[in-house]
Amino acid sequence: MLGKSQRFLVALAVVAAAGCGSNGGVAGDLAVAGGDLAVAGGDLALAGGDLAVAGGDLAVVGGDLATGASCTPTNGGVETCDGLDNDCNGVVDDPFTATFTAGKPNYDSDVANCGACGTACSLPNALNKCVAGVGGKGVCQVDHCINTPNVASFKHRPGLDIDVTGCEYKCPVASSTAGDCQNSPGACTFPVEVCNGSDDDCNFLVDDNPTDGDLGSPCGDACPGGLVANCVGACSAGTKQCQSGAKLCVGSTGPTTEVCDHIDNDCNGSVDDPFTQPGPGGYLGGDPTKPLYNLDVDNCGDCTGSNGKSFVCQLPNAVNGCHSASANAQGNCYVVSCNASWYFVTHEQMGASCVTRVGPRDSTAGNVHSGTGCFYLCGVSTPTSESCNGADDDCNGCVDDGIHDPVVQVSVAADPGYQGRPAHTVFVSTDETSRPDSTATSAGILSTRACSKSGALPWSNVTEPQAAAACAWAGGRLCTAFEWQTACEGPSPAAPPLYSQAPSPSPYIAGVCNDANFTAHAVWATSSAGSTAGQACYTDWGSGNHLDDLSGNLEEWTSTQKFTYQQSGADGVLSFVSAGRMRLTSASLVTINLAGGDPVLLSGSSAAARNGTFAVVAKAASSVDLADAAVSTSFTSETNVGWEAEVATQGFALRGGAYTSASSGTTCEFGVDMQAPSYTAADVGFRCCFDTKP
């Protein structure tokens, strides 16, 4: 490398050699080896020779360097971008540059050689241009984006460098008109935006502000049939919106499975329809939004859970159902059928043998907790016709009710024991009364009802009030003594004494009826046969109607009241005929001379209460009827009446004799026996009479 002084000497030598020509030309070759060649303030020209600077620098300051040699064109004299002056016009690559920097081309005019030879501008989808960049060197830029009407239109997205990306955005739909779509948007014509997943108007936004006419309108895609009109109940309409390139119904809610919640979940126009009767019958006034809940046993009268309440039917011991008891009534629970052996009975209490109904069977409307259901457990497995046995055979809640006791119709003449009572008809039990639970070997223990049945031990050891009550429960009463005697004597009585024997009521035949002459000496079962062939212990009322055991077996209570009285030391009978009337009966009365109006003296331990003046009403051979004229504490003794009547214990007549009685005490006419109401004995029983046929 030459120093400054050395470079200066070389320069002087060059100048001297070259002479003082205006171009400072040097004829011949100039070689500078191993150092620097500097020409300052003038031109260095080499004519006809070569300039070579090897291993050093060549600097021409303030002048031109010219070899002075002739230029040989290359590339056929056509300038091409290759860093050479192909056309020998003294300028290198001049078609490819507009400006030079330090004598060198900037390559700032040709898009095929922009910034350097061979560097072509290729910004996509655009008309490219090459311009001087920073420092003068050519750079590629977009002149405008390509727009071929109806074929393809390109634009550049905002926010990016167009001279880097070019027109990278191809409009989905080409403009129908020519123009610069990037820089003059109004020059291009694009379709209006519609909902199709495409940027129809080429504003870089897909489906923005689409112009479809149905967008924003109500829609019911989720509703039944996809119709807005069916958006009822829980279903709701939405709005038509553009989403992901498709017009969708947004916000529409559809049907779900119907549950009991006061909502039309399945959107069929009827609220809670699976839980109420179909059609108008299941809704108040036929309004499908107002269910009566009259179908479902789990939601009867309302939805279970409504207001925290249960509406599950729970009528006990039954198959439950739900219905409306009347039109437009809220649902109520009802008994479809009772479970086995359980019943609902409608009887109010009827004596001791009927259950008490505690309320209606079914629930009231909307109140599933009311209603008794099938509350009665019947003691029999299969209901049958009721019989008198102490059981509720027909399971109607009453024991031994509705039984038609076997009776015989008896025509009774005017009863001398009842003043003014006319002839009448009475129905007499065919057998002595038995207890409901009696059998052929057991008299039973139940005392709820009188039963007339054959083949059962009769009811004994019974008081008169107990007998009367048992008959009353069965709908009857105790027979009067006169009715009893008429029944015993039969429809065509012969001359007394008569017995309850058939076919021969007279004379007495031993072994027919159960009296003291019978070998058993104990009560027998009703309708039993004695030991005498061809004879039976009953009164025959014809057509197969029998009244059994009126003679013997058990002595039977009647409803006829009697009093004892004393007459000359002998017992007689004082009977009540009717209010204020009594009858004195005695065989010795034939000797009593009582004229009409004669007073009768009654005396005793309570004379003030019992004494009175009585008028004679009628007199027969063995009886006298007396009428109570006035009750008084004073009386006049009748001197021509030789007896005094003293009233003793009140009692009731017993008829028919018993298994303990002699034959004379078992006649139909024997009526002397009288006992106090509280009297009981193993040989005392009863039978019932009925004013109407049971």
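Counting Lys and Arg as +1 and Asp and Glu as -1 over every other residue whose Cβ lies under 10 Å from the Cβ of Thr384, the net charge comes to -3. FRET efficiency for the pair Thr346 and Ala662, taken as 1/(1 + (r/R0)^6) with r the Cβ-Cβ distance and R0 = 51 Å, rounds to 0.45. Pairs spanning more than 31 Å between alpha-carbon atoms, out of Lys155/Lys247; Lys129/Lys170; Lys240/Lys309: Lys240/Lys309. Inter-label distance, Thr72 to Thr177: 6.1 nm, where each label sits 7 Å from its Cα along the C-beta direction.
Between Lys104 and Ala152, what is 0.36 nm times their sequence separation minus the Cα-Cα distance? Round to one decimal in nm. All intermediate terms of the calculation are to be shown ahead of the outcome.
Numbers: separation 48, 0.36 × 48 = 17.28 nm, distance 4.06 nm.
My answer for the length gained is 13.2 nm.
The solvent-accessible area of Cys81, taken with every protein chain present and a 1.4 Å probe, is close to 20 Å². One chain, two ends: Asp143 and Thr532. Fully extended at 0.36 nm per residue, the span grows by 124.8 nm beyond their Cα-Cα distance.
Of all aspartates and glutamates in the structure, those lying under 15 Å Cα to Cα from Lys453, and not within fewer than 8 positions of it along the same chain, are Glu386, Asp400, Asp401, Asp405, Asp431, Glu432, Asp437, Asp548, Asp549. Over the range 361-464, accessible surface divided per residue gives 40 Å², non-protein components excluded, 1.4 Å probe. Per-residue surface analysis assigns Asp540 an accessible area of about 80 Å², computed on protein heavy atoms at 1.4 Å probe radius. Extension gain, His369 to Thr384: 0.36 nm times the residue separation minus the Cα-Cα distance gives 2.1 nm. Under 20 Å from a label point set 7 Å out along the Cα-to-Cβ vector of Thr519, the amide N atoms of the range 652-694 belong to 659-663.
Placing Asp207, Asp515 in order of accessible area, with the largest value first and a 1.4 Å probe, yields Asp207, Asp515.
Simple rule: put +1 on each Lys or Arg Cβ and -1 on each Asp or Glu Cβ in the range 77-188, find the dipole, and look at Cys117, Cys171, Ala98; the Cα lying farthest toward the positive end is Cys171.
Taking every protein chain into account, the accessible area of the range 127-196 amounts to 51 square angstrom per residue (probe 1.4 Å).
Can you pull the semi-axes for the range 249-389, root of five times each eigenvalue of the Cα gyration tensor, sorted largest first, whole Å?
Details: eigenvalues 314, 35, 30 Å².
Equivalent-ellipsoid dimensions as semi-axes: 40, 13, 12 Å.
Residues whose amide H lies under 5 Å from that of Thr99, counting only those 5 or more places away or on a different chain, are Asn106, Tyr107, Asp108; hydrogens are built 1.01 Å from N in the peptide plane.
The values are calculated or read from the model by the stated rules, or taken from the named source; none is laboratory data. Please read all numbers here as calculations on a predicted model, not as lab measurements. Positions of Cβ are backbone-derived with ideal geometry, glycine not excepted, and every protein chain shown enters the neighbour counts. Only protein heavy atoms, including side chains, enter the accessible area calculation; ligands, DNA and RNA are left aside. Shrake-Rupley method; radii C 1.70, N 1.55, O 1.52, S 1.80 Å.
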